[in-house]
Amino acid sequence: MEIYLYQIGGYLIRVFHESLNQLFTLFGPFLILIVFLNLSASVMARLSVRLLGRNLFLYGFAWLGCSVHELSHAFFALVFGHKIKEITLFEPNKDGESMGHVSHSYNKKSFYQKIGNFFIGIGPILAGGIVLFLITLILYKLNITDIFKFRFATDIFTSRQLLGQLYDSLRTGMLTYINLLFAGKAVIWWKSFLFIYVLYSIGSSMTLSKPDVKGASAGFLWVIVIIVLFNLLTLWIGSYGGLTTEPFVGFISAINFLFILVLATNLVLIILLFFLNLIKNLFIHRR
């Protein structure tokens, strides 16, 4: 009896380890970056409004990010079988607290539609990465997966070698991007201007509302349940972790790199906006 209990316990530990590895590979860095992107985008939007004024920021830049934001909710709602009741892409209210919305409903008995709440909730940030991925491909014919080869794994934080590889991959990717936009011989000013405009517009709108976070959290719990159940039922045959995650790892790594790029850009712009606001305030006070 003790042998059977020992074997069951060992099997459950293997299931836990395999599930954790899959969850981290697919969602770990992505979710960490979402938190920092959300914070940086919120700060950048506030500083932009102070500097440019509400209307100039909203109608000059935020309209694009807001439209992508709401379209992403609608897109993932349709993908996961939700019923869209109403959609408004860009219609700022007087307080500026709401600029658009998507109202949808779903069958609470459907596991698939419950999981969909996770992707619907994080849709704005995921869509932001996809838009930047596509505009890079269209404008520069550059596939991010070609310059960012690093693959995230659970042992990244315990291996100096992996951390070194991550640093080298990020450094190479960043330098490639900078060279592409500003330093290369084939630089075309309107492409660089358009890319920066999209990067700023999207980057300042990659935020999640409280309903977004609540819906995504509930949906992610079901994602965890499905992954654990899958491993519980199949791990005794063999490990399918690589088969289930590998097709997505390259794309997810590229999106993570774009998120890091957006985050770095947001931080630079936050510093720039902060000093521009200081100069503006000094100028106003002197007058």
1/(1 + (r/R0)^6) with r = Cβ-Cβ of Tyr11 and Ile87, R0 = 41 Å, i.e. FRET efficiency to nearest 0.05, evaluates to 0.30
If amide H atoms are modeled at 1.01 Å from N in the peptide plane, then the residues at a separation of 5 or more from Gly100, or on another chain, having amide H under 5 Å from its own are Glu91
Scoring only Lys, Arg, Asp and Glu (+1, +1, -1, -1) among other residues with Cβ under 15 Å from the Cβ of Lys108 yields +4
Phi-derived 3J(HN,Hα) across the range 134-141 with the Karplus relation (6.51, -1.76, 1.60, θ = phi - 60°), rounded Hz, x for Gly and Pro, is 6, 5, 5, 5, 6, 6, 10, 6
Ordered by fewest other Cβ atoms within 10 Å, a rough proxy for footprinting exposure, Leu33, Leu233, Leu272, Leu170 read Leu233, Leu272, Leu170, Leu33
Simple SL model, points at 7 angstrom along Cα→Cβ for Lys191 and Asn179; separation in nm is 1.5 nm
Beyond 15 Å, the calculated P(r) of the range 8-78 holds a percent of Cα-Cα pairs equal to 72 percent
Of the listed pairs Lys85/Lys210; Lys141/Lys280; Lys85/Lys191, those with alpha carbons more than 31 Å apart are Lys141/Lys280; Lys85/Lys191
Counting every C-alpha pair in the range 43-142, the percent lying more than 24 Å apart is 34 percent
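Any read-out appearing in this document is the output of simple, stated calculations on the displayed coordinates, not a laboratory observation. A quick note: this is a predicted structure, and the numbers were derived from the prediction, not measured. So basically every Cβ, Gly included, is an ideal-geometry build from the backbone, and we count neighbours across all protein chains shown.
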